[in-house]
Amino acid sequence: MTEHYNLVRGLHILAVIAWMAGLLYLPRLFVYHTRAIPGGELDKTLQEMELNLSRIIMVPAMTVALLLGLTLIWIDSQTRGWGFLLKPWMLVKFTGLIALFGFHGFLSASRKRFAAGQNTRSERFWRMTNEIPFVAAIAIVLSVTTKFLD
């Protein structure tokens, strides 16, 4: 399996890019959705866009990224052993991933609230939360590429 490591890693990176695109774009749609009149044409259009983004891009990309990430861990364990999972850089990565999974769940629940006409969050709130996935991505990518405190 180690001969396929670079292929798995490349596919993992592509899946992460697609997932991150959704995590960054959905809050931006929510910014515009806060301005929509419930039941109006814009409201219905944004609901459809948000649902499609979630179901067609975000959930499949997250699932593929997770499965390929677990595959990479398994491949790495065959050459390094399992100890690398407790390295500080890997713990930072896991913490960032937990934050991203939690944020994904939060966005999913928020999408459902918008669809039910029950959003209570402001446009400003959604503009600010739009940055959360990128901050997590910075921590994750730098921890993996530099392997600081290794």
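Surface composition of segment 14-128: carbon and sulfur make up 66 percent of the accessible area, probe 1.4 Å. Straight distance only, please: which lysines reach the Cα of Lys87 with their own Cα at less than 30 Å, same-chain residues fewer than 8 apart left out? Qualifying lysines at Cα under 30 Å: Lys147.
Can you give the net charge of the other residues whose Cβ lies under 13 Å from the Cβ of Ala115, counting K and R as +1 and D and E as -1?
Numbers: positive: Lys44, Arg55, Arg111, Lys112, Arg113; negative: Asp43, Glu48, Glu50.
Residues close to Ala115 contribute a combined charge of +2.
Here percent of Cα pairs over 26 Å apart was calculated from the structure, and among (i) 15; (ii) 28; (iii) 34 it sits at label (iii).
Net charge dipole, the chain: roughly 280 debye, given to the nearest 20, about the Cα centre with Cβ charges of +1 for Lys and Arg and -1 for Asp and Glu. Note that the chain presents 58 Å² accessible area per residue, ligands and nucleic acids not counted, probe 1.4 Å. Per residue, the average separation of C-alpha pairs within less than 8 Å and at least 6 apart gives the chain a relative contact order of 39 percent.
Screening the chain for whole DSSP H helices with an alpha carbon extent of at least 30 angstrom along the helix axis and a mean Kyte-Doolittle hydropathy of at least 1.0 yields 5-33, 59-80. If you run the Gaussian network model on the chain, springs between alpha carbon atoms under 10 Å, then out of Val59, Val135, Val92 the most flexible one is Val135. Taking chymotrypsin sites (Phe, Trp or Tyr not before Pro) in DSSP loop states with no more than 14 other Cβ atoms inside 10 Å as exposed sites, the chain has its longest site-free stretch at 1-81.
The values are calculated or read from the model by the stated rules, or taken from the named source; none is laboratory data. Bear in mind the structure is a predicted one, so any value in this text is a computation, not a measurement. As a convention, Cβ positions derive from the backbone with ideal geometry for all residues, glycine included, and neighbour counts pool all protein chains shown. Surface accessibility is based on the protein's heavy atoms, side chains included, excluding ligands, DNA and RNA. Shrake-Rupley method; radii C 1.70, N 1.55, O 1.52, S 1.80 Å.
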